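What follows is one structure encoded as structure tokens, with my remarks underneath.
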Amino acid sequence: MPTYTVYVDQVFIGSLVMNYIILWAAARLGGVSHNRWRLLGGASLGAFYSLVLFVPAWHSILAPGYKFMVSILMVTVAFLPRPPVKAMVLLGYFYLATFALGGTVQGLISFLQHRYEEGVMAGVMQAVDAYLWYGIFFSMAIFWALGRVVPAQMRKRMMLPLLRSDLAVSFGGQTVRLPALLDTGNSLSDPVTGSPVVIAEYEPLKEILSPKVREAVEKYGPDQGAAVLGELGDEITSGHFRLIPYRSVGRENGWLVAFRPDEVEVRQGGHIYRTGRVVVALCGERLDGETPCRALIPPALLDNSLTG
């Protein structure tokens, strides 16, 4: 019967690498910040535990109960303190990543092995001996790619229903309703009054603006705020029009033309928010992406609104 040499240092390093990837994947899936040294500490704990295989007198602590305790210690070292529910979620993701990575490594090793000259069991041992590190490195690449893409998509799918809103803008006795999103990255405020700024597409709002305002905006564009205001004359006062400074990709500084509506109403998360202390900035580009959206609502607007 063939014999195989197992090197303790290789087992330790292999276990360390796999444990680190497992903890990193759990952090990505759980959407929590992580420290690489704490991940390394948790991974090292699991790697040292794997060496129990080489001490026959300690084999009793390889029972499932001890393994569960070690996994809790690994998650504790890597992530805690966390709220109890979040800690349980991270432990669940730890086991999910463990089984997924273990299955991926074994699957890649079996895929790379193509000959079983001395029987199936001997062939499996040959495969592990020859292709273990190939399996680990390929699995690392797969997990890294999935860890970068999948959690972001999962969070997007989970968060979008919570961010969807319905916006109604009232101005000059008319009201326009349009789909909107609560934009946590929108921190724009009116430099004069400090009011939060809603960014909304010009097209759905133009019907509540006067012909003179529409003519100026369509002549220069909503992002040419200074030129638009120069055309408005008395409309500036009657519509409370002003300029809102902004930055965007490919443009260091710009000015959006904006107005103060009579009132805005936001329906979000089963609540209704109403306020007149807000400014609506006109955007000439389409905001629509993966979900219907014609306006971006700043969180500050909900903080300063009356709830219905």
> Which ones in the stretch 30-44 are under 15 Å from the mean Cα position of the chain (by Cα) and of a type outside the set (V, I, T)?
Replying inline: G30, G31, S33, H34
>> Looking for something surrounded by 13 or more Cβ atoms within 10 Å (Cβ to Cβ), of a type in the set (G, A, S) and either under 18 Å from F12 (Cβ atoms) or modelled with pLDDT under 65 (or both) - is there at least one such residue anywhere in the stretch 90-102?
In response: yes
> Out of E252, E235, E218, E231, which single residue is farther than 24 Å from G194 by Cβ, at pLDDT below 85 and of a type in the set (D, E)?
Replying inline: E231
> Among the residues of the stretch 260-297, how many are modelled with pLDDT of 85 or more, assigned to a loop (DSSP other than H, G, I, E, B) and crowded, with 17+ Cβ neighbours inside 10 Å?
Replying inline: 4
>> Exactly one condition in (1) surrounded by 13 or more Cβ atoms within 10 Å (Cβ to Cβ); (2) without any contact (Cβ under 8 Å) to a residue 60 or more places away in the chain; (3) not hydroxyl-bearing (S, T, Y) is false for A63; which is it?
In response: (1)
>> Out of everything in the stretch 167-187 that is free of Cβ contacts under 8 Å to residues at least 60 places away in the same chain and touching a helix residue (DSSP H, G or I) at 6+ places or on another chain (Cβ under 7 Å), what residue ends up being surrounded by the most Cβ atoms within 10 Å (Cβ to Cβ)?
In response: V176
>> Give me the residue from the stretch 298-308 that is in a loop (DSSP other than H, G, I, E, B) and farther than 15 Å from A200 by Cα and, out of that set, modelled with the lowest pLDDT.
In response: G308
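Matching residues to (1) in a helix (DSSP H, G or I); (2) out of contact with any Pro (no Cβ under 6 Å at 6 or more places or on another chain); (3) modelled with pLDDT of 75 or more; (4) not basic (K, R):
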| residue | (1), (2), (3), (4) |
| --- | --- |
| M18 | yes, yes, yes, yes |
| L29 | yes, no, no, yes |
| L39 | yes, yes, yes, yes |
| H59 | yes, yes, yes, yes |
| S71 | yes, yes, yes, yes |
| V105 | yes, yes, no, yes |
| L108 | yes, yes, no, yes |
| E117 | no, yes, no, yes |
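The values are calculated or read from the model by the stated rules, or taken from the named source; none is laboratory data. Here the structure is a predicted model, which is why all the values come from computation and not from measurement. Neighbour counts run over all protein chains shown; Cβ positions are idealised from the backbone, glycine included.
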